[in-house]
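Structure first, then comments.
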Amino acid sequence: MDLQEADKHFIHTYNRNVIFTKGEGVYLFDDKGNKYLDMGAGIAVSALGYSNDEFKQALKDQIDDLIHVSNLYYTMPAIKASKYISDATGLDKVFFTNSGTEAIEGAIKLARKYAYLKNKDSRGEIIAMNHSFHGRSMGALSVTGTKHYREPFEPLIGGVKFAEYNDIESVKALVTDDTCAIILETLQGEGGIHPADNEFITGLRKLCDDNDILLILDEIQCGMGRTGKIFTYKYYGIMPDILTCAKALGCGVPVGAFVASKKIADAMIPGDHGTTYGGNPLATAAICKVFEIYEKEGILNHVNEIASYLVKRLGELKERHKDIIKDIRGLGLMQGMEISVSAADIVADALKKGLILISAGTNVIRFVPPLIIEKEHVDRMYEILDGIL
Ligand SMILES: *Cc1c(COP(=O)(O)O)cnc(C)c1O
């Protein structure tokens, strides 16, 4: 089995040139035994790193008990996981999905249903942001603000308009009587690591309250402790109406969720939405264990401590490579380095040197390491990246 063989049988939607076989802590190992320091965490997923014994044991135990029964029935892990999510978000009701994209689909459907119950003739318009990323299905793509992702697949769902992130006036200009929701990432990931201004988020909350519009926050990437709070909206002192979550929620077990207050969630009744696998006992046992380990190991405190170290070291790199590094920005362990050269080249070079980096767009290197990363790993990354730059 080699790369050529793999390329023959995969639809070519990704450029891949390594086969990973094992992981341990913050390291991955390829089929030739090479070791890599991972600053990407499987795109902000593997918050607990690789091969966490307690996490693995919980999954094995759940496999022994029960893997799947469908959503025609409750299971203990699903009930427990819904309580964890409810407590962490302050929102009442959850629907489990298999991915982030599906959480977005559900959030859009819920917003449309809520608007429909208020007014059957509502056109259910949605305002999304330029440079946003919400997923690849037809619905999620419809609210994704990158034209070249959308264009080949049009027509998408109608009634979506795009505003400028961090520009409240551009959002206000798009509001009509038919606007049912505003959707955005609390911290834009894929679009280049752009944190939201405080005035923008609080302004959106007020705009939504004044016009009876739902605020949908997508925290699929920036949630689950990555930025130093369990969810990033907690930095802004506001509540979303609907929240989407995935990625680190299952730390590698594919699972997502959309969550809403009771008033909004109750717009959906049996028959409105469904999923065969979503929130099955294996996936939700993973969620429960993730929350347990976060609590027990004080993950949020660790993120805040190590993030300030990462930011300090990235700042040093910026000082040393002023000609290449334009900006460092982000929150917690979700940092971006804007550069004047190709991010893809740096990523490829780093991989050869045993460092896994990922990009966000064409000119931003994205740092989203496992949340268990230590200072020594940051130092090792610094050395390799310094050499490359
Ligand atoms: C990754 C991501 C998604 C899509 O999640 P999938 O699990 O890949 O379907 C949606 N929104 C944001 C902000 C993301 O980072």
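Six or more apart or on different chains, Cβ under 7 Å: which pairs go from a residue in the range 169-194 that's without any contact (Cβ under 8 Å) to a residue 12 or more places away in the chain to one that's not charged (D, E, K, R)? Could you list them?
Once the first residue is without any contact (Cβ under 8 Å) to a residue 12 or more places away in the chain and sits in the range 169-194, its partners that are not charged (D, E, K, R) give 170/163.
Criterion first (without any contact (Cβ under 8 Å) to a residue 60 or more places away in the chain, in contact with a Ser or Thr (Cβ under 7 Å, 6 or more places away or on another chain) and either open to solvent by less than 20 Å² (accessible area, probe 1.4 Å) or away from the ligand (no atom under 16 Å from the Cβ) (or both)) does residue 202 satisfy it?
no
Could you check how many residues of the range 251-274 are surrounded by fewer than 16 Cβ atoms within 10 Å (Cβ to Cβ) and in contact with an Asp or Glu (Cβ under 8 Å, 6 or more places away or on another chain)?
Qualifying residue count, the range 251-274: 1.
Here are 148, 194: which of them is touching a His at 6+ places or on another chain (Cβ under 9 Å) and open to solvent by 50 Å² or more (accessible area, probe 1.4 Å)?
The unique qualifying residue is 194.
Do any residues in the range 31-43 that are over 22 Å from residue 245 (Cβ atoms) have Cβ atoms under 6 Å from those of residues that are open to solvent by 70 Å² or more (accessible area, probe 1.4 Å), where the two are at least six apart or on different chains, and which pairs are they?
31/21; 37/380
Do you know which residues across the range 122-148 are within 16 Å of the ligand (Cβ to nearest atom) and either modelled with pLDDT under 95 or assigned to a loop (DSSP other than H, G, I, E, B) (or both)?
130, 131, 132, 133, 134, 135, 136, 137, 143, 144, 145, 146
The values are calculated or read from the model by the stated rules, or taken from the named source; none is laboratory data. On a predicted model such as this, the values are computed, not experimentally measured, just so you know. As a convention, Cβ positions derive from the backbone with ideal geometry for all residues, glycine included, and neighbour counts pool all protein chains shown. Only protein heavy atoms, including side chains, enter the accessible area calculation; ligands, DNA and RNA are left aside. Shrake-Rupley method; radii C 1.70, N 1.55, O 1.52, S 1.80 Å.
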